[in-house]
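Bear in mind that the values in this text are calculations on the coordinates, not laboratory data. Treat the numbers as computed from the prediction; the structure is a model and nothing was measured. With ideal geometry, Cβ positions are generated from the backbone for all residues, glycine too; neighbour counts draw on all protein chains shown.
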Amino acid sequence: MSEDTPALRTLIVDDEPLAVERMQVICAKLPALNVVGTASDGEAALRLVEALAPDLVLLDMTMPGLDGLEVARRLAQHEQRPAIIFVTAHDHFAVEAFDTDAVDYVLKPVAQERLARAIDRAVARRGETRSKTESEWLRELWVPHRSELIRIETSQVSRIDAERDYVRLYVSTGDQQRTYLLLQTIAGLEQRLDPDQFIRIHRSTILRKDGIRGLRHDGLGVWSVELEDGEALRIGRTYLPKVKAMAGR
């Protein structure tokens, strides 16, 4: 952030006074932020957003009454909505949080370095025009990894496998591929993925279309998808018509 760039006018929202105090101390050490107010509940947060027009809201997830998710959903209806960074002790709200187009999702106890990275993202987004008619499809996912959540762009996901109440994401970055577990059903995730980019081939598998090299008929009505790395995955009978339609068959 350059010296000529104005600091982000920031509202802190948390129902725990000690958490607010700790966040104020951390924010005071970050020149990109200017804390203009604090709120202890969701209703107060909405009133202060109207009165103060902050650029950024550091928003707790769990509060009595109006929780953080509902606050974020209501703010999403504003023409000039502030950027939102969720700050919470719970990692299992990440799936709902990325639906609100939040900038980041930071776990408590908050480390200054981690918050600084989230602020960098908020600064980078500053000035972007975000309309109410944005694409309904997911652009990113936040997944637990060690002591934090990391952001993964859906364009990096090549494959998704169901594992009971979780999905395993296969993520490609450069020449490396890693996998991450996310608490989400495969059916629920399928509804949020762009069908022009992803296709479900089995009750347990979703693939990114540009990673499919071809289809193979194995006889007796059984078909498989051939991936770019040579692996073959069987297509479930329920999903075969849609997969064939993708191939123009």
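Miscellaneous remarks
- Matching residues, the range 214-235, being within 25 Å of Arg192 (Cα to Cα) and within 29 Å of the chain's Cα centre (by Cα): Val225, Leu227, Glu228, Leu233, Ile235
- Selection of the range 108-122 for residues being surrounded by 14 or more Cβ atoms within 10 Å (Cβ to Cβ) and either among the polar types (S, T, N, Q) or in a loop (DSSP other than H, G, I, E, B) (or both) yields Lys108, Val110, Ala111.
- Condition check for Arg200: surrounded by 15 or more Cβ atoms within 10 Å (Cβ to Cβ) and of a type in the set (Lys, Arg): yes
- Residue count for the range 136-167 satisfying the condition of being farther than 17 Å from Leu193 by Cα and either of a type in the set (Ser, Thr, Tyr) or in contact (Cβ under 8 Å) with a residue 40 or more places away in the chain (or both): 4.
- Picking from residues in the range 203-218 that are among the small types (Gly, Ala, Ser) and under 28 Å from Asp165 (Cβ atoms), the one that is surrounded by the most Cβ atoms within 10 Å (Cβ to Cβ) is Gly211.
- Enumeration of residues in the range 10-65 that are surrounded by fewer than 15 Cβ atoms within 10 Å (Cβ to Cβ), of a type in the set (Gly, Ala, Ser) and more than 25 Å from the chain's Cα centre (by Cα): Ala28, Ala51
- Exclusive hit being under 17 Å from the mean Cα position of the chain (by Cα), within 22 Å of Asp91 (Cβ to Cβ) and of a type in the set (Ser, Thr, Tyr), set Thr173, Thr154: Thr154
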